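Beneath this line is the structure, given in structure tokens, with notes to follow.
The values are calculated or read from the model by the stated rules, or taken from the named source; none is laboratory data. Quick caveat: nothing in here was measured; it's all calculated off a predicted structure. Cβ atoms come from the backbone with ideal geometry, glycine included; neighbour counts cover every protein chain shown.
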């Protein structure tokens, strides 16, 4: 059986990853590939519990935050991602390890080497085939977050936190140009989805 493909959606707050998760899955399915949509942290009972803890707590040590995320990621890979890929399904995931480099690395100031070590041990070579990086100036994303109302622990961080995250994501795009594709998330939704479709088409054979 042909192994499925692994697609991740990345980017800062308020840039439309969650909105477009179902769109990407639907495009994959329309091309004839069975697909599942999932998210990080989340995707399993353990992952959803970690998500609630991380988003709702007032203060968590940055290393504890990172280790919790990788614990949830290990379970997610074991329980959901690897079995689906092995069965020939495509997996579309809202955030993966690029987010750890951006949020806990650049945002929280943790060493890249520490994150790389966890990535090697937890993922055992697993990496996305394609990453759609939603990018826009920080003020645009934060304005959208404020318009939604109540914010979580991450969304309440200072502007410079999000500027570091955006810079780290763009650095990931430079490091992995064959995998990461930029999507201008400042555009209207229809234009964003046109861009997503253009990036997906070579993978879907359309």
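Inspect region 74-84 for any residue being at negative phi, surrounded by 18 or more Cβ atoms within 10 Å (Cβ to Cβ), in contact with a strand residue (DSSP E or B) (Cβ under 8 Å, 6 or more places away or on another chain) and not in a helix (DSSP H, G or I) and give the result as yes or no.
Taking every residue of region 74-84 in turn, none turns out to be at negative phi, surrounded by 18 or more Cβ atoms within 10 Å (Cβ to Cβ), in contact with a strand residue (DSSP E or B) (Cβ under 8 Å, 6 or more places away or on another chain) and not in a helix (DSSP H, G or I).
Check whether at least one residue in region 77-96 is over 28 Å from residue 183 (Cβ atoms) and in contact with a helix residue (DSSP H, G or I) (Cβ under 6 Å, 6 or more places away or on another chain), and report yes or no.
No, there is no match, as no residue in region 77-96 is over 28 Å from residue 183 (Cβ atoms) and in contact with a helix residue (DSSP H, G or I) (Cβ under 6 Å, 6 or more places away or on another chain).
Evaluate the following for residue 59: is it crowded, with 21+ Cβ neighbours inside 10 Å and either within 17 Å of the chain's Cα centre (by Cα) or assigned to a loop (DSSP other than H, G, I, E, B) (or both)? Break it down into steps so the answer makes sense when it comes.
Working: crowded, with 21+ Cβ neighbours inside 10 Å: no; either within 17 Å of the chain's Cα centre (by Cα) or assigned to a loop (DSSP other than H, G, I, E, B) (or both): yes.
So residue 59 does not fit the description; no.
So, in region 138-186, exactly how many residues are outside any helix (DSSP H, G or I) and either within 22 Å of residue 92 (Cβ to Cβ) or at pLDDT 95 or above (or both)?
As a first pass, look at region 138-186 and keep what is outside any helix (DSSP H, G or I): 149-158, 176-186.
Okay, now just the ones that are also either within 22 Å of residue 92 (Cβ to Cβ) or at pLDDT 95 or above (or both), so 154, 176-186.
Of the residues in that region, 12 qualify.
Let's see how each residue does on (1) in contact (Cβ under 8 Å) with a residue 60 or more places away in the chain; (2) over 21 Å from residue 122 (Cα atoms); (3) in contact with a strand residue (DSSP E or B) (Cβ under 9 Å, 6 or more places away or on another chain):
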{"position": "5", "(1), (2), (3)": "yes, no, yes"}
{"position": "11", "(1), (2), (3)": "yes, yes, yes"}
{"position": "17", "(1), (2), (3)": "yes, yes, yes"}
{"position": "20", "(1), (2), (3)": "yes, yes, yes"}
{"position": "23", "(1), (2), (3)": "yes, yes, no"}
{"position": "46", "(1), (2), (3)": "no, no, no"}
{"position": "57", "(1), (2), (3)": "yes, yes, no"}
{"position": "68", "(1), (2), (3)": "no, no, no"}
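Exactly one of these conditions fails for residue 125: (1) part of a loop (DSSP other than H, G, I, E, B); (2) in contact (Cβ under 8 Å) with a residue 12 or more places away in the chain; (3) farther than 17 Å from residue 10 by Cα. Give me its number.
Going through the list (1) part of a loop (DSSP other than H, G, I, E, B); (2) in contact (Cβ under 8 Å) with a residue 12 or more places away in the chain; (3) farther than 17 Å from residue 10 by Cα, residue 125 breaks only (2).
Would region 130-137 turn up any residue that is assigned to a helix (DSSP H, G or I), touching a strand residue (DSSP E or B) at 6+ places or on another chain (Cβ under 8 Å) and surrounded by 14 or more Cβ atoms within 10 Å (Cβ to Cβ)?
Start the filter on region 130-137 by keeping residues that are assigned to a helix (DSSP H, G or I), which leaves none.
No - not one qualifying residue is present in region 130-137.
So, in region 71-92, how many residues would count as being under 12 Å from the mean Cα position of the chain (by Cα) and within 15 Å of residue 50 (Cβ to Cβ)?
Number of matching residues: 1.
May I ask you to list the residues in region 1-54 that are modelled with pLDDT under 95, surrounded by fewer than 20 Cβ atoms within 10 Å (Cβ to Cβ), assigned to a helix (DSSP H, G or I) and out of contact with any helix residue (DSSP H, G or I) (no Cβ under 9 Å at 6 or more places or on another chain)?
18, 52
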